[in-house]
Every structure is written in structure tokens, then in C-alpha cells.
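Structure first, then comments.
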Amino acid sequence: QRSHASRQQAPASGITPQLQQVGRAHQVVKMASGGAMRESVAKNNLSSSREAVKRFPELKALCHKFIAAYEKRTEAADAKYGHKKYKAMLQKAANQNMETIFIDLNDVEDFCKQELMNPDEAIADARQIPKIQLQQSIECFIEDIESNASRYMKYFYEACDLALPERDQDFNPDGSAKDVIAKWRQRMLAEQREAGDQPGAATAGIPLRLKNDFDVRFKPRDSRKPVKLRELTADYVGALVQLDCMVVRTSPVKPRVEVVTYHCEVCDAEIFLTVEGERFTPLKECPGQRCKDNKQSGKLRQITRTSKFGKFQEIRVQEMSDHVPVGGVPRSITVVVNGDNTRLVLPGDAITVTGVYKPMELPWFQARANGTMQAMHIDAHSIKKHKIGYSETRENEDEMNRKLEEAQRSGNLYEMASRSIAPEIFGHKDVKKALLLVLIGSYTKTMKDGMKIRGDIHALLMGDPGVAKSQLIKQVCNIAPRAVYTTGKGTSGVGLTASVMRDQATGEVTLEGGALVLADMGICAIDEFDKMEESDRTAIHEVMEQQSVSIAKAGITTTLNTRTTVLAAANPVFGRYNPYKSPVENIDLPPALLSRFDLLFLLLDTVDMEKDKNLARHVCKIHCSFNDKPDAAKKDDGPAPMDDIYEFKAFDAEFMRHYIRKAKSYEPLIDDELQRDIVDAYVTMREEEKNGDRDSRKSYTTPRTLLAMLRLSQAHARTRFSNRVERQDFDEAIRLMKASKESVELSAPARKNSNPLDMIYDIVSDLLRQSPNSDGDAWVDMTHVVSMAGHKALSAEMVNEAIENWESLSVMIRDPEKKSVKFLVPPM
């Protein structure tokens, strides 16, 4: 019965036993082919590794020749070695004037091209290989260095040690203690040899790390493109990688032992132990020859004085925000820096790091707990910042000074620099000038009693949606060498100030700096400032005036420096500025916070036909190929707007940073003749606010306003590279403070003594005149009327109510669907 049932079920399933056997055979063949493919890949990797090992001797000889004979003709010649670039660098290292010798792989690539044309016969004869094989090795030289950087770093270090010259008259005597130890060590080795004691394996010679005070690192080729952090795979292990990243955390710089020296109290021998990895096992028995002959373990004592220590620092980097896919979480990795690469970066810096991608050595109990998963890190060779700070020197310093002098001679540098801030954004001339003064700022004054008066200028941009507030502050962040951008809704008070973290390496409780701490000596841009919770917004009060953050959390009581400029953007409380409400009601921020802002710009989207036309033409030119067309092909569409981006050549961000850096070097003082004018202006502002309407206030005039006027005047004097504040600087500061409120003044007639009925009548008549059939009897779309009324803070209900009133007066009429409106009596 079972066999009969199976025979009946077989046709129903549609799969016969023969087809099942064929399917199993296909799976077996597929698995076999996959295994064969993996085996072939493994064989290819093994064969390529063996070929690379065979090339080690001749490439090692090429390393020696490169260090000793390579000439860089494009650089200035050295007085002693001419164009031999690395011989001159070794002379500086011998004189203790250079800590790191960077092997530029661009130079190695140029050297390989020269050697391919004329291979060295001495290397071929020494290795007993034909020239063709030597040329093949030279072709693989760069790839071998980039794929096996640690080994070739040792080869270049040995080559530098052999080519190291003697000291000359430029010797730096600061390291005299090391010279005394070196002379003592050489004398001790000489006495051991004279006594007939042959040093053991550990005392055969002084390690190169202990003998020399320099390090060797690689500098990547210019043609090498950075990889993304999430693209690092097992193929990059041991290779030289280059990636763009953001520094999120830095550890303190600590000493790390590189060579440990021991002294045997039994045989009086000195033993050296070179530490290659992260950890080492101390020696227990003396490897000296006398202790071996006497079959004694000796008595070793570690000598810290004669050991060598190097600077060590760990930084945590995170991939750039534009490298993170949609819905992904930014990845991070630890970067280990040594020597003079330490203390180069701070949290918040965008950098390009080049280093060796290698596994991190862990103790056996941690490795056992991790299993087959391996923690990776990058041993940094070179670090390059994306933006150079104001206090740092550049490579093209002379060229930038020449460009700045030319721009200064042309005149109107202040206007051109302000227009170079977001030149694609139309208008906002005064806003851009204010942002330039925010970037430059004044200088911090420290009194005799220790009190500090801040020099940073805080600014708040508040206005209607679509007036480019966010784009403006983002452009400021692009220009500033140190800037942090955050939004109000996604920011908490802890995220702005500092949070308590537990260090995974040491287990200690530490403080993690927030956005304001990361932006120290820079700019902190806060977008959507009005969306922040009030409890989180109070964290900014101390920062804006005292320039510090006081922390008392988890047993940690300290004060962190936040010498930062706060640049905020916000919308009015009603989403759009309502002219029927007072400025105080529209702003709706506490007076304690508003008084801390030196500049408060109220930007309103007012309706102006000429301005709107110029804005539309400006935006259209940006989105077309206008600049790529020849002059004959450009159409004459009438006079260009004053803010045409093709009217002038804007300064780039690098030039702007150089200009701001030079401006910050001046410390202008107030002229004595201006003191009375400043006092009169301040007293007048206070009196006008007292006598004016309380509801019409646009800001709060406090003694901080007086300091704001002084800071703006000094910042404008800095733009002229002057150490003296003159009347024109003070006049510009007062003009900017008044111009920041002129948008509200322009909308004042729409708020005072204005009737919504008259406003709707004017809107419908304007739309009727702009229509192609403007015969006075055309229909006007109601959606256009509601849209235009929205610019004047009139809601759709107010529009319908006004139209109904005009209908009752037999002035207007709507169609049955109430989608269009027209005049019964054409307007005059």
C-alpha cells in the first residue's frame, strides 16, 4: 500500500526520482566548482606572495640607492648636498632638527621611471639576475611598498641609518643628555670587547631605534584616491590606506616604550629589547655570554634612564557624513599616531589620514573572548587637515600674501570679501557683511584682576522660511577652519555642553565634549534655534557670555573652555513673521538670551516686484549654462541685477581664511575722539526705546548693546588692517545694527493703519494687471490671491471674508465654484 501511495504521489509533485538525482548532481558540481575557484584564488595569492618575497633583496638595494642618490630638481638646492633631497633631510636629522623623515611616494615613482630607463648593473650583478628581471622588480616597487608598508619602512630606516652623515655646525645641543648616554654605552661595549667578553644575541649591537632619534614614514602619492572607511576589507590588511574622516575623540599623549634596556648585576652586561608591537614580555634571564658560561640566569634590572620612549596618542575617527548611505550609521576606527604626528588634530577636525591598516594586538584573555573577530586600527603615517587654522602656517604663504596685497590695492576689499560669502545667494548684502564681521570678530580683553571681556560676535538670523538662513550659516561653516553645525530639534543640552563617558580602554569616567566644546576657538552654528527645548537652550547662556561650561557630574567638577562664536538661525513663533503682531511677540525668545546676541537680523519675505524679478533672474542664471556660453551667445535680457554672480570673481574659501587670519592679527583701540559719539549713540538708543511703543520693540537695549557696538567697530577696523578704530568703523557698526531691523520697518505699513479689505482689493487688481488679458474683465484665480495674501500674513479665511464683503458691495463677483474672482466695476 505504501509503494502504491508513493507511485500515486510522484506524478502529482511533478518531480521524478531521476530529476532529483540530476538536481543533486548539479549541486555537487556547483559545490565542487566553488571549491575549485576558492582553491585557485588561494594558489594565485600564494604565488604572488612568493614572487613578492623573491623581489625583496633587489628592492632593498633600491631603497639604499634612493636615499643616497635621488635628486629633486624641482626644489631649491641645498647648500651642502645640492638637489639630493633625502641626504639634506638626513643631515637635519643628524643635527636633531628633524624628527620624521617622510618618504614621498611621488619621489619614489619618479625614481622608478628613471631606473626603468637605465637599470643599475651593480644591483643586477650583486643579485646575479638579468636586467629584465630587475626592471620587472622596479615596476612593482611602488605597489609592493603600498601593499607591504611595514616591511619597506624597515628597509628605508636601515638605508637612512647607513646614509646618516656626521653632525655639522647646525647641531641642536638640546639633546646633550642623549649624547652622554650614547658615549657611555659605546665606552662600555668597547671595554667588554677589550676584556674578551663576546656580547650575546641581545647585546650584539645597539638597536637602530635607540641609536637614532628620527623616524621614517611614508607620504602617499598625489594620484592615489582616498577610500571610504566602510570599503576597508581584508585585502587592505598590512597595506598603506588613505581615507577622509572626522576626528571625534583624542586621547592624552602618553610615552610608549620602544626599546627597553636591562643591566645584569652579575655579568655587568647591557641587554636591549626592541618592542615591536603593543605589548612585550620582560626578560627574566640574562642572555650574556658570561652568564651562559657560568650557567646562571643572572639578575636583570630595567634601566628607565637609558631606555627609549616615544610619544603615543590614540584618536578616534568617524567617516564623513557624505560617505554614510541613507539609513546607515557612521562607522569609526582607532588611529594610532606617534612622534611629531601627535597633537596635530583636535575633535571636530576633518582630516585625510594615511597609514597602515593592521590588526590590534590584544592580551590572550581578550583575544580568547573575542574569538575569530579581530579589532583593527590604522598606524598613521601622515595627517593632512582639510582646513588650515588661523594660527597655522601654509605651504603657499607667499602666494596668498601676494594675492591679498593685489586685492587690497584694488580697493573695496571689505565689499568684495562680504559678497564672496555665498555668492550664489541673491541679496542680503548687509547680512553677508555682518557674517564677515562675525568671522573676524574682536579680540578678548583680559583685565588686571583676571576678568575677561569676550571678543566673539554672536549673531541670530530670524525670519520667514525661504530667505536662505540655513545656507548662509552653512557657508560660514565652510569658510571657518573650525566649525560645528547642529540643528535645534536634534540637539540636547548635554549634546551642546559635555556628557559623561566611560573609557573602554582604562575604565575611567571621562568627559566627552559636546558641540560647543568641539567648536572652541571656532564657530558653532545652530540651525532651527526656535525648535530647541527651553531646558536645553539655557545651556547656552553661560557659553555666550562667560565663554566656559561648568560641569558637576559623576564626581567630576570642572570648567571647560568654550571660546566660540554662536551663529543661530530661527523662524518666528508663528512660522512666518506676522505684521499684525509686535516684534516681541514674533521673536518670542527670553530677554536674557536675546541680549547676548550682538546682532539680531529680522529677515522678512516682502513682496517687491523689482526685487522678485531680479531674484528670479539670478536663480535662473545659476541653474543654466550661462557662464559656459560665449559672449555672442548670451542674450541681452536687460540690465543685470546688482548681485549678479558673473559680475565679479568671488574669493575662494582658502583666500577668505587667509584674509581673516591676517585681520585677526590686529588689535584696534577706540580713538579718543569717538568716545563721546559712542556714549551719545548709546544714550539715544536707550531713550528712544524708553519713549517708544513697548509693543514695537525689536530688541532689548542693554549695556551689552554698548559692548556689541564696540566689538563691531573693532571688527570693521580689522577688515581695513588697522590698529585704530575710526569714525567710519563706528558708523558702519551703527548702520548694520539699524539695517538688521529694516525688514520689519518695510512691513510696518502693512501692519499699522491697514485694512484687509483694501489689501485684498490691491492684490486682485495687481494680478489682473499682470494677466495677459488685462482688459479689466478677466477672471483671477483664487489660489493666486490666497498665495499673494499669505506674503502679507493674511490667512485664507481672511481672504474669503474680504471677498464676501466686496461681493456684498457689488464690487467683485466669484464664479459658482468659487475658484475665480473678477471685478464688476473695473479698477481705475
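The values are calculated or read from the model by the stated rules, or taken from the named source; none is laboratory data. This structure is a prediction, so every number in the text was calculated from the model and none was measured. Cβ coordinates were reconstructed from backbone atoms using ideal geometry, including for glycine residues, and neighbour counts include every protein chain displayed. With ligands, DNA and RNA removed, areas are computed over all heavy atoms of the protein, side chains included. Shrake-Rupley method; radii C 1.70, N 1.55, O 1.52, S 1.80 Å.
Annotations for the structure displayed:
- Extension gain, residue 292 back to residue 329 (0.36 nm per residue minus Cα-Cα distance, nm): 7.5 nm
- When the trypsin sites (Lys or Arg not before Pro) in segment 46-132 are filtered for DSSP coil states and for at most 15 other beta-carbon atoms within 10 Å of their beta-carbon, the remaining sites are 73, 80.
- Those aspartates and glutamates that a straight Cα-Cα span of less than 17 Å connects to residue 741, excepting residues fewer than 8 apart in one chain: 430, 464, 585, 588, 598, 605, 688, 689, 693, 695, 731, 732
- Note on segment 336-437: with charges restricted to the Cβ of Lys and Arg (+1) and Asp and Glu (-1), its dipole about the Cα centre is near 300 debye.
- Within segment 512-554, backbone nitrogen closer than 18 Å to the virtual label 7 Å beyond the Cα of residue 561 toward Cβ: 512-524, 543-551
- Extension gain for the segment residue 352 to residue 110, taken as residue separation times 0.36 nm less the Cα-Cα distance, is 84.8 nm to one decimal.
- Pairwise FRET efficiency - residue 452 versus residue 374, Cβ, R0 = 60 Å, nearest 0.05: 0.75
- Largest to smallest in accessible area, the residues 502, 187 fall in the order 502, 187 (1.4 Å probe, all protein chains included).
- Residue 304 accessible area, assembled protein chains, probe 1.4 Å, Å²: 90 Å²
- Backbone N atoms of segment 302-316 closer than 15 Å to the 7 Å Cα→Cβ label point of residue 188 belong to residues 302-308.
- A Förster radius of 60 Å combined with the Cβ-Cβ distance from residue 769 to residue 401 puts the calculated FRET efficiency at roughly 0.60.
- Note on residue 621: aspartates and glutamates with a C-alpha under 16 Å away, same-chain residues under 8 apart excluded, are 424, 612, 631, 636, 637, 643, 644, 647.
- Estimated FRET transfer efficiency (residue 622, residue 76; beta-carbon r; R0 41 Å; 0.05): 0.40
- Rough spin-label spacing in nm, given labels placed 7 Å along Cα→Cβ, for residue 707 and residue 158: 6.4 nm
- Here residue 39 sits with roughly 100 square angstrom of accessible surface, probe radius 1.4 Å.
- Checking every one of the trypsin sites (Lys or Arg not before Pro) in segment 794-828 against DSSP loop status and a limit of 15 other Cβ atoms within 10 Å picks out 818, 819.
- Distance from segment 96-140 to segment 239-265 (C-alpha centre basis), Å: 30 Å
- 657, 409, 724, 576, reordered so the largest accessible area comes first (probe 1.4 Å): 409, 724, 576, 657
- The trypsin sites (Lys or Arg not before Pro) of segment 247-353 that meet both conditions, a loop assignment by DSSP and at most 10 other Cβ atoms within 10 Å of the site Cβ, are 279, 284, 295, 305.
- Ordered by solvent-accessible area of protein heavy atoms (1.4 Å probe), largest first, the residues 364, 184, 779, 806 come out as 364, 779, 184, 806.
- Spacing of the two label points (7 Å from each Cα toward its C-beta) at residue 299 and residue 470, in nm: 7.4 nm
- Legend: residue pairs 384/429; 87/113; 154/228; 178/254, Cα-Cα distance threshold 31 Å; pairs beyond threshold, 384/429.
- With DNA, RNA and ligands ignored, accessible area of residue 788 (1.4 Å probe; Å², nearest 10): 70 Å²
- Gain in span if fully extended, residue 424 to residue 808, counting 0.36 nm per residue against the direct Cα distance: 133.4 nm
- Rough spin-label spacing in nm, given labels placed 7 Å along Cα→Cβ, for residue 610 and residue 225: 5.0 nm
- When each of 531/818; 311/664; 489/553; 183/295 is checked by Cα-Cα distance, pairs over 27 Å: 531/818; 311/664; 183/295
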